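Below: the structure, in structure tokens.
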Amino acid sequence: MKCSIRVRGKFERKNAKLLTVEGLRVYYKTNRGLLKAVDDVSFYVGKGEIVGLVGESACGKTTVAMSIMRLLPTGARVFDGRVLFNGQDILKATEQQLRDIRWKQISIIFQGALNSLNPVLTVREQIAEGILAHETVDKETIDERIDALFKYVGLDPARRMNYPHEFSGGMKQRIMIAMALACNPALVIADEPTTALDVVVQYQILDLIRNLREKLQISMILITHDLSVVAEVSDKIAIMYAGKIVEYGDTFRIFEKPKHPYTRALLNSIPKMQGAKTPLTYISGSVPDLTGPVPACRFYDRCSYAQKKCAEVEPKIEEADANQSVACHFWREIEDQ
Amino acid sequence: MRSWRAAWREYVRNRIGVAGLALLIFFALMALLGPFVAPYDPTLSSADILQPPSVLHLLGTNEVGQDILSQLLYGAQASLIVGFAAAAISAVMGSLVGLVAGYYEGYAGDLLMRLTDVFLVLPALPLMVVLGAILGPTLYSIVIAIGLVGWTGTARLVRSQTLSVKQLAFVESSKASGARDYYIIFSHIVPNVIPVIFAQTVLVIANSILSAAVLTFLGLGNPSTITWGQMLEFAFTSGAVTTAWWYVMAPGLCIMFVVLSFSLVGYSLDEMFNPRTRKI
Amino acid sequence: MMTNATQDTLVEVKNIKKHFPVRRGLFSRSQNQFVHAVDGVSVSIRKGEVLSLVGESGCGKTTLARLILRLLNPTDGTILFERQDLFAASGSEMRKLRLQMQAVFQDPYASLDPKKTILRVVSEPLVVNRRKNGVNVQEKVRESLIAVGLSPPELYLSKFPYELSGGQRQRVAIARAIVINPRLIVADEPVSMLDVSIRAEILTLMLDLKQKFNLTYVFITHDLAVARYVSDRMAVMYLGKIVEIGPAEEICANPLHPYTKALLSALPSADPRTRHKDVQVKGEVPNAIEIPAGCRFRPRCPHAFERCTVEPELVKVGPDHYAACYLAEEVQ
């Protein structure tokens, strides 16, 4: 089981690796066959780093998150791969070890979490519940911690006895973030944390995420379909398409010089607020059906640079640059154009 | 919802559903072909009173010497038909109430739902008995009595389904296109509510058959028509409970298994169509 | 007021208001508490333009769209379609008016009846308005499907919505909207639920159709970048009123209302080099039940001053550019 990415350079040495995903393969059993939702995905998260996992629907990003937390639904199985955290493979951890990791080391904010707050319990009770499930602490410590958490996320600590319906959407998301930080984890996975929120609130939450990273040195995996969100906060991004990572590296570099045709097309399809209005490109067709036979390069059917080789030989992810890797046979030629 | 074939394939995957369906088919055949395969005329009395099962009488005889097996086969028709008819009344009434209450809401909706609540609160069996007694000792009165009492569950279910379908975007689009209320109700709401009505009605049928058995057991209904419930009544009044077990077991088990078969089918259909477990 | 109706005006919204009573308890319908969803909006929609309504949730843009489509009745004010009062129209007049305006909604998974074939879905406006004529219906549906890029149409006619992708369903929704040749299309977040890479396709399609069929669009979205891309004019809404309206480019380049400025600066840009913007606005959008007195944005505005205790009207601050803010006024 080899790690297929090695981003060398000062980037790597600066940050110790906190979490490494190596060759992860997760397949779902469906009545139409085996759905290869995540197929040989590798990346790592450094200490104090925010990694954005970006992709459109059905690319497998949520499955990756669930695999890390060992929260896959029945019907999904990890067929291969390792998830190394502090030298330990989470995928092989026992229940006891998992209990030590979950929430205390790695926590998660699920998609649409705002709606998963229990309406009949106060916010304090819910956060306390999360803490008590993993630690034995007394009431005073809990209250102190909730106070501190609320201050971190920008909420008034006096409101901890309120019920969820008394908070707005943005505040509820802050509560979810507070809950995720309750046991002082080293890594937080956030699945679409700003998707349901208004523009101004989204800005506030992203700002909060940036601050938390600075103040608490928390690492984060930020899962989203919105490239502008990762542009705002992440240090590295991994672009996923149909279960594979197609491009991976430093945020600035990827935005400046995207190398994979999918990334390029994606960036070109975002309408901009500044600058001249150029016609947007779009990608016709749709994501291949992952239960059936797929071309070697999964983007083959929709790629404007596709060649015969792309249908037959799978492009392995290779280092194009310091801090940028891409999985495409012809990225050099495309770049020259 | 998919095409019929896909729906069938999905239904068949559930073993409970298949078992229920098999039982159902068995009883349907019994009802249809019963009179043709019955060995004796069920009304023919003989001197062999309360005989246990034997080669001559496979399920024994009753207190006037009639063959129990033949009675069972003839009685299947009446028992099932009463159940179906009553359930049909419940389904239609309940669906209409639910559709109107759910689509129009407002005062009409509230009124209908309070009416439903009234019927829910009244104890079903005494109500059915009273209705049956008022309407006279025929099978029809049993059908009506059960029908008039059993619609409330369907009404509530249909109303909540209607409420949730009503706010889906395709209903709004329809309105924006200029569709009128009756068109929207029959063309959009009903097709999306029918699967749920269907699953619920199957369970209502099970209930109705049971209620019919109870009512005929209690003495309502036409004494000259053979039904399973009635067989049970005669079994009890003639004191056969303690002496002739076959007399009680035969109709009793039949009732039980018919109700079970409908319940199993209804349960699996509900699993398939329940909007909580799948998208509408 | 800025409803200067001209020959050019297709729809004129006149001081429209929609207040929803807040329900409390079993039977009491209102206790003098209302959600002021739309609280006095006046705007003229010009023939052939794309006017976008932008704003955050609760600003009233969706309610305004439904008022224009006459899916709701107003609490006050009215809307004129080609100088005909929508809410005073009789049943048969209204049916004729409905033919002129159609809608495309946000959710491609909920806007098509899952039990109907594509043929039935797209032909519904024809059938419902008794325009059916046997052969003609099929022909019109085919034309419509070809126009939205679902070609050859025969492939799609007998399919069910669940067999199509999100983008295809949205095309079907558009095909349904244009099949009776309307003048106006109200699109409520038509691309928000689609994948990013498909959005541009649908937006381009909508613009092409506009050219081809001489359509007018009211385009509702919370995504300012999308609004900038498709619209001629943009109207920014806040708590039930329009706070700024003008040419889309102008508003993006030169926003004059503090709320518009906040919105624009809060937008994440797809460019990591422009991070850490200083968004000058406090708190979140308040609920629309207790509207702040005076200027609605006053409690959150960093530049509020004494005049703001009186609610400002929309005043001209540039060529075809109006804003409801005393500061913007003073700049001119």
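Please treat every number below as a calculation from the coordinates, not as lab data. Values in this document were obtained by computation on a predicted structure and should not be read as measured data. Cβ sites come from the backbone with ideal geometry, for glycine too, and all protein chains shown count toward neighbours.
Brief remarks on what is shown
- Centroid-to-centroid separation of region C:258-309 and region A:159-173 [C-alpha atoms, Å]: 21 Å
- Here C:Arg273 and B:Glu10 are evaluated by their C-beta separation; at R0 = 41 Å the FRET efficiency comes out at 0.20.
- Per the Debye calculation on chain B with a single equal scatterer at every Cα and no solvent contribution, log₁₀ I(q)/I(0) for q = 0.11, 0.12, 0.16 Å⁻¹ amounts to -0.72, -0.82, -1.19.
- Cα-based Rg / Dmax (Å) for region A:166-300: 17.2, 52
- Inter-probe distance in nm under a simple model that places probes 7 Å from Cα toward Cβ, at A:Lys29 and B:Leu29: 3.4 nm
- Distance violations [Cα-Cα > 23 Å] among B:Lys175/C:Lys61; A:Lys151/C:Lys282; A:Lys61/A:Lys151; A:Lys36/A:Lys316; A:Lys61/A:Lys236; B:Lys175/C:Lys212: A:Lys61/A:Lys151; B:Lys175/C:Lys212
- Chain C: translational diffusion in µm²/s, Stokes-Einstein, Kirkwood Rh over Cα pairs, 25 °C, 0.890 mPa s: 116 µm²/s
- Cα-Cα pairs of region A:122-184 separated by more than 13 Å (percent): 56 percent
- Selection from B:Leu59, C:Pro190, C:Asn214, by position along the positive dipole direction of the protein assembly as shown (Cβ): C:Asn214
- Ascending count of other beta-carbon atoms within 10 Å, so fewest first, for B:Leu125, B:Leu135: B:Leu125, B:Leu135
- The Cα atoms of the protein assembly as shown define a convex hull whose projected area, averaged across directions, is 48.6 nm².
- Equivalent ellipsoid of region B:1-105: semi-axes from √(5λ) of the C-alpha gyration tensor, largest first, are 40, 21, 10 Å.
- Per residue of chain B, the DSSP helices (runs of n ≥ 4 H) give a summed -39500 (n - 2.57) that works out to -24500 deg cm²/dmol at 222 nm.
- For chain A: rounded, prolate or oblate by the Cα gyration tensor [a/c cutoff 1.5]: prolate
- With neighbour counts taken as other beta-carbon atoms within 10 Å, the residues C:Lys18, A:Lys61, C:Lys210 rank, fewest first, as C:Lys210, C:Lys18, A:Lys61.
- With 5 Å bins beginning at zero, the pair-distance distribution over Cα atoms of region A:215-295 amounts to 3, 12, 21, 23, 18, 12, 7, 3, 1, 0 %.
- Mean separation of Cα contacts under 8 Å, 6 or more apart, over the residue count of region B:1-145: relative contact order %: 16 percent
- Point-to-point label distance, A:Thr74-C:Asp76, nm (Cα→Cβ direction, 7 Å offset): 5.9 nm
- Degrees between helix B:190-217 axis and first principal axis of chain B (Cα, 0 to 90, nearest 10): 30 degrees
- Spin-label model, A:Leu91/C:Asn254: points 7 Å from Cα along the beta carbon direction are separated by 5.9 nm.
- Computed helical MRE - 222 nm, chain C, DSSP H runs ≥ 4 contributing -39500 (n - 2.57), nearest 500: -9000 deg cm²/dmol
- Cα gyration tensor shape for region B:1-47, rounded if a/c is under 1.5, else prolate or oblate: prolate
- CD proxy at 222 nm, helix term only [per DSSP H run n ≥ 4: -39500 (n - 2.57); per residue of chain A; nearest 500]: -9000 deg cm²/dmol
- Built from the Cα atoms of region A:104-214, the convex hull projects on average onto 6.4 nm², one quarter of its surface area.
- Rg of the Cα atoms in region A:62-149, relative to 2.2 N^0.38 Å, amounts to 1.28.
- Once the chain from C:Phe87 to C:Gln7 is taken as fully extended at 0.36 nm per residue, the excess over their C-alpha distance is 26.7 nm.
- Rg and Dmax of region C:221-310, based on Cα coordinates, read 13.9, 41 Å.
- Basic side chains Lys and Arg get +1 at the Cβ, acidic Asp and Glu get -1 at the Cβ, and with that the dipole of the protein assembly as shown about its Cα centre reaches some 1320 debye.
- FRET efficiency estimate (nearest 0.05) - Cβ-Cβ, C:Asn129 to B:Ser164, R0 22 angstrom: 0.20
- Unit charges at the beta carbon, dipole of region A:122-184: most positive-side option, A:Thr141, A:Ile175, A:Met161: A:Ile175
- Compared with the dominant principal axis of the Cα atoms in chain B, helix B:139-149 is inclined by about 40°.
- Residues A:Ala296 and B:Leu122, FRET efficiency given R0 of 51 Å [Cβ-Cβ distance, rounded to 0.05]: 0.15
- Ordered by the number of other Cβ atoms lying within 10 Å of each residue's own Cβ, fewest first, B:Arg13, B:Arg5 fall into the sequence B:Arg5, B:Arg13.
- Signed unit charges on C-beta, dipole axis of chain B, positive-most listed residue B:Ile16, B:Val100, B:Ile226: B:Val100
- Calculated on C-alpha atoms, the gyration radius of region C:13-168 divided by its Kirkwood radius gives an Rg/Rh of 1.03.
- Environment charge at A:Leu114 (Cβ cut-off 15 Å; Lys +1, Arg +1, Asp -1, Glu -1): -3
- Under the span-like rule (Cα at least 15 Å along the axis, Kyte-Doolittle mean at least 0.5), DSSP H helices of chain A: A:169-181
- Under 18 Å from the A:Glu135 label point (7 Å along Cα→beta-carbon), backbone N, region A:148-165: A:148-153
- Angle between chain B longest axis and helix B:152-166 axis [Cα atoms, degrees, rounded to 10]: 20 degrees
- Dimensionless Rg ratio for region B:123-264, taking C-alpha atoms and the 2.2 N^0.38 Å reference: 1.43
- Per-residue mean of foreign Cβ neighbours for C:97-104 is 3 (Cβ atoms of other chains, 10 Å radius).
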